[in-house]
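Take a look at the structure set out below.
Where a number appears in this text, it was derived from the coordinates with a stated rule and is not lab data. What you are looking at is a predicted structure, and each value in this text was computed from that prediction instead of being measured. Cβ sites come from the backbone with ideal geometry, for glycine too, and all protein chains shown count toward neighbours.
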Amino acid sequence: MIASSPSNHPLGDVSNFTRTGKPLDTACARLKSAGLRITRPRIAIIEALIRRDNPVSIEQLHQDLADDACDLVTIYRCLAVFTELGLVRRCFFHNGTGLYEINLNDSRHHHIVCKTCGKVERIDASFTENTERILCERGYEQVTHLVEFFGVCPDCQKKASATRPLSSLITP
Ligand SMILES: [Zn+2]
């Protein structure tokens, strides 16, 4: 068990702690069962990922962890271990940046990322699961995929049309 209470919690945010307490236990149990040590940087990284609850870049994670003195190398190493373990999933932003997301309950989903504001929403992954099943039936093994969707979200569209000059609305 990890001795952690709001008062000695390294990230110090009580409301976040109560929200992330249980997922953190799950993550630590996964580390333990894989024979991995539960270290302070590992906990800090997992907590930051749980708080984000969305894909995050290494740079954003590094900023989140500024108070925990987690250097980039440590973050890279931990993420590599977590990804190997399936505790973290890697996905990609439209510019090719690798993003990392906590994966505690193996929920299969994809993302739609707004190209304007970067907002990420989850979408159902049943269509790719179906494709994977078909490929396995065709005799393929170890089938993996990378699927992400990119678009401009309704909010950004509204903002764009609100700031658009009147002249652009008049068709010649
Ligand atoms: Zn947007």
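List of remarks:
- Low-density loop positions, trypsin sites (Lys or Arg not before Pro), the range 120-166 - DSSP coil, at most 13 other Cβ in 10 Å: ARG138
- Nearest-0.05 FRET efficiency for THR131 and ALA80, computed from C-beta distance (R0 41 Å): 0.90
- Proximal charge balance of LEU31 [Cβ under 12 Å; K/R count +1, D/E count -1]: +2
- The range 108-157, dipole about Cα centre (Lys/Arg Cβ +1, Asp/Glu Cβ -1), debye to the nearest 20: 120
- Each other residue within a Cβ distance under 11 Å of VAL152 adds +1 if Lys or Arg and -1 if Asp or Glu, for a net charge of +3.
- The stretch between GLU148 and LYS22, if pulled fully straight at 0.36 nm per residue, gains 42.5 nm over its current Cα-Cα span.
- Average Cα contact separation per residue, the range 108-157, under 8 Å, 6 or more apart, as relative contact order %: 48
- Near LEU79, once Lys and Arg are set to +1 and Asp and Glu to -1 for all other residues with Cβ below 11 Å from its Cβ, the sum equals +2.
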